[in-house]
Structures are given as structure tokens and as C-alpha cells.
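Worksheet for the structure shown next.
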Amino acid sequence: MVQRLLIMGPQGVGKGTQAALLANNYGIPAISTGDIFRYNLKNGTPLGKEAQGYIDKGELVPDELTNKIVADRLGMEDAKAGWILDGYPRSASQVQALDVMLDQLQTPLTAVVALNADRDVLMERMKKRAEIEGRADDTPEVIAKRLDVYAKETEPLLSIYKERGLLIQVDGVGAIDEISSTIIAQLSERG
């Protein structure tokens, strides 16, 4: 079965790790919106140049441009056999934009994998990651703000996908390979 998956959850829950493992398991690309942006910026694509204009002014890239960049990536050859999208959608308007993209590509979404973990666990993981990676932007205050933004803006999107019968909830705490196995088993049950 072709897998077209969203992987969602708060920062520090292990989305990137699980996306990479699932991508390897299914032989499909793990697509991180951050990676898409970096690719377009680095390669000076027309979309990258447009995004750079906002970044240079210290502004957030607007949804309309983010949507174009995601649509462009999902339309690439390697994504025809499926994909795992990490970091998108983050708002109700992006859910609507993704619906339109998938309709135009005639590629329905298979499932939405939501990884969950307690806030205390996430704060501790992010603190450790900051120490290991030397990330100055991962202060406790910044981490707490990111988690608040996720809870307020992105977490409510899970109810949309639950209503559509697409949501798979998985505990993001435990052995990495066990979490992966749980996700794969739940996807297999869906047929």
C-alpha cells in the first residue's frame, strides 16, 4: 500500500527520528518542511528567492508561499510512490491547502501519526538536545514557548484528522525501535 503520511507532535517528541525510520521501512522520502526551505534557499530556486525576501526582513514566510513550496515538493518524482510529511500542516488554513494539493495530485492521505509525550519529558529531551547539539535557541523559555504554540495552534488539527478517521495516536516515550514497530503495526492494521 502506498503510504502518504503526516507525522505530528510537539517539538522533542521524536518526529524526525520516526519519519526517517518509517521512510526507510517504506522506501519513501521523509519530507521536513525545514529541509524543503533550506533546499530552496540554498539552490536559489524562484520559491527560495521569494522566501529569502521575507527572511531577510525578519518576517515569517506566509502560508501561501509555504503551501507553494510544499506542493512543489510533493509533486516531485520521488514522492509519487508515497511520502512522510513532517512539520506541515501547522494551521487550519494549511490543512485546507494540503487538502487541495492532494486532490490536485490525486493522492489521498493514508494516515496521520501523532506522537505524544508529557510536557516534562519534552522539556528534558529538548534540554539534553540543546546541550548535545550546542543549540543556543533551545533555552527553557524558548522551548516552553514552542510547546505552547504547538498546543494552541497545531494540536487542535489532530481533531480534524480524527474526525476523518485518519488519526493514529502513538506514545512517543520508549525505545525508538519499539515506537517505530507500533506505528508500522497500526498502519498495517489499516490495510
Query raised in the report: Of everything in segment 129-187 that's under 23 Å from residue 95 (Cα atoms) and acidic (Asp, Glu), which residue is modelled with the highest pLDDT?
Result: 163
Query raised in the report: Across segment 135-191, what is the total count of residues that are in contact (Cβ under 8 Å) with a residue 24 or more places away in the chain and small (Gly, Ala, Ser)?
Result: 4
Report task. Report the residue count in segment 143-172 for those that are surrounded by 15 or more Cβ atoms within 10 Å (Cβ to Cβ) and either among the hydrophobic types (A, V, I, L, M, F, W, C) or part of a helix (DSSP H, G or I) (or both). Result -> 13
Requested in this report: Would you check which residues across segment 39-64 are loosely packed, with under 13 Cβ neighbours inside 10 Å and part of a helix (DSSP H, G or I) and list them?
Outcome: 42, 46, 49, 53, 56, 64
Query raised in the report: From the set of residues in segment 29-57 that are among the hydrophobic types (A, V, I, L, M, F, W, C) and in contact with a strand residue (DSSP E or B) (Cβ under 8 Å, 6 or more places away or on another chain), which is nearest to residue 75 (Cα to Cα)?
Result: 31
Query raised in the report: Before we move on, is residue 74 within 19 Å of the chain's Cα centre (by Cα) and surrounded by fewer than 17 Cβ atoms within 10 Å (Cβ to Cβ)?
Result: no
Report summary line: The condition of being among the β-branched types (Val, Ile, Thr), in contact (Cβ under 8 Å) with a residue 12 or more places away in the chain and in contact with a strand residue (DSSP E or B) (Cβ under 8 Å, 6 or more places away or on another chain) holds, among 95, 70, 61, only for 70
Query raised in the report: In segment 65-115, how many residues are of a type in the set (Ser, Thr, Tyr) and assigned to a helix (DSSP H, G or I)?
Result: 2
Requested in this report: Look at segment 1-20 and say how many of its residues are in a helix (DSSP H, G or I), in contact with a helix residue (DSSP H, G or I) (Cβ under 7 Å, 6 or more places away or on another chain) and surrounded by 20 or more Cβ atoms within 10 Å (Cβ to Cβ).
Outcome: 1
Requested in this report: For segment 77-91, name all the residues that are over 23 Å from residue 155 (Cβ atoms), surrounded by 13 or more Cβ atoms within 10 Å (Cβ to Cβ) and not basic (Lys, Arg).
Outcome: 79, 81, 82
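The values are calculated or read from the model by the stated rules, or taken from the named source; none is laboratory data. Keep in mind that this is a model prediction, so the values were computed, not measured. Note: ideal-geometry Cβ built from the backbone for every residue, glycine included; neighbour counts use all protein chains shown.
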